[in-house]
1. Taking the Cβ of residue 56 as the centre, find all other residues whose Cβ is under 14 Å away and add up their charges (Lys, Arg: +1; Asp, Glu: -1).
2. Report, in debye and to the nearest 20, how large the dipole of the stretch 134-188 comes out about its Cα centre when Lys and Arg carry +1 and Asp and Glu carry -1 on their Cβ.
3. Name the residues whose placed amide hydrogens come within less than 5 Å of the amide hydrogen of residue 23, ignoring near sequence neighbours (fewer than 5 apart) on the same chain.
4. Which cross-chain or sequence-distant (5 or more) residues have an amide H under 5 Å from the amide H of residue 167, H modelled 1.01 Å from N in plane?
5. Can you tell me how the stretch 56-188 classifies by the Cα gyration tensor, rounded, prolate or oblate, using a/c under 1.5 as the rounded cut?
6. Work out from phi, with θ = phi - 60° and the Karplus expression 6.51 cos²θ - 1.76 cosθ + 1.60, the ³J(HN,Hα) of each residue of the stretch 55-62, listed in order in whole Hz, and give x for Gly and Pro.
7. If we count every other residue with Cβ under 11 angstrom of residue 166's Cβ, Lys/Arg +1 and Asp/Glu -1, where does the sum land?
8. Answer rounded, prolate or oblate for the stretch 96-172, using the Cα gyration tensor with square roots of eigenvalues a ≥ b ≥ c: rounded when a/c is under 1.5, else prolate when a/b is larger than b/c, else oblate.
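Taken together, the values in this text are just the output of simple stated rules run on the coordinates, not laboratory data. Worth saying up front: this structure is predicted, and the values here are computed from it rather than measured. When we count neighbours, we look across all protein chains shown, and the Cβ atoms used for this are built from the backbone with ideal geometry, even at glycine.
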Amino acid sequence: MEEKEEKEVPVFIEGKTISLVPQNSEHINLYVKWLNDPKVRIYSRNETPKRVEDLKDWFEPHDRGTPGFIGFELWHKEDKKAIGLAGLGWIDWINGWTNVGVTIGEPDYWNKNIATEVTELIIEYAFNELNLNKLHGGVCVKNIGSWSVAEKIGFKLEGIRENEWYVDGEYLGVKTYCLLKEDWMDRR
């Protein structure tokens with residue numbers, strides 16, 4: 001089922017080919033499809049099936065305090081459709097760090113530099129608008145596309161946690177990365 005939408009979307013952050021927009025409860029079935037798709041979820045650690053009911057909490061009002069998670073829908077500007085999700089998780093506002101995550105749910109959009117563009121947009125937002133100081137990421141050693149994006153953008157490899165994830169019958173390592181605000185600013 002391809003979702004073509006002609007209506008305007010509420011753009012939060014505008015990129016060249018992608019806009020980061022608020023997650024949309026009308027697309028919850030699409031999110032469930034992505035989170036359950038074996039090709040998409042294999043290295044994102046969605047080990048248990050997700051139902052619409054499981055994701056409804058994303059759209060419920062929460063305490064008005066500082067959020068621990070900020071999520072976005074990836075909106076492909078030319079094709080006028082949602083193609084994935086991204087966000088900042090486990091935000092530590094006191095110490096100024098967070099974890100970055102990107103999922104391109106539509107495999108037709110893989111290997112088109114979209115993850116790079118999205119990650120750069122999120123970095124700008126995290127450092128310049130939220131005034132965070134450090135971004136973290138963990139990527140399965142077999143997920144070459146994701147760790148290539150991290151390294152291309154300037155995330156530094158902190159180490160590899162061996163035998164961290166059990167995927168398709170084998171224990172795999174996870175590359176852990178970080179990016180400091182000062183390093184990001186120096187690269188610009």
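1. -3
2. 280
3. 73
4. Those lying under 5 Å, H to H, from residue 167 are 172.
5. Rounded.
6. 8, 4, 4, 4, 9, 7, x, 10
7. -3
8. Oblate, because a/c is 1.5 or more while a/b does not exceed b/c.
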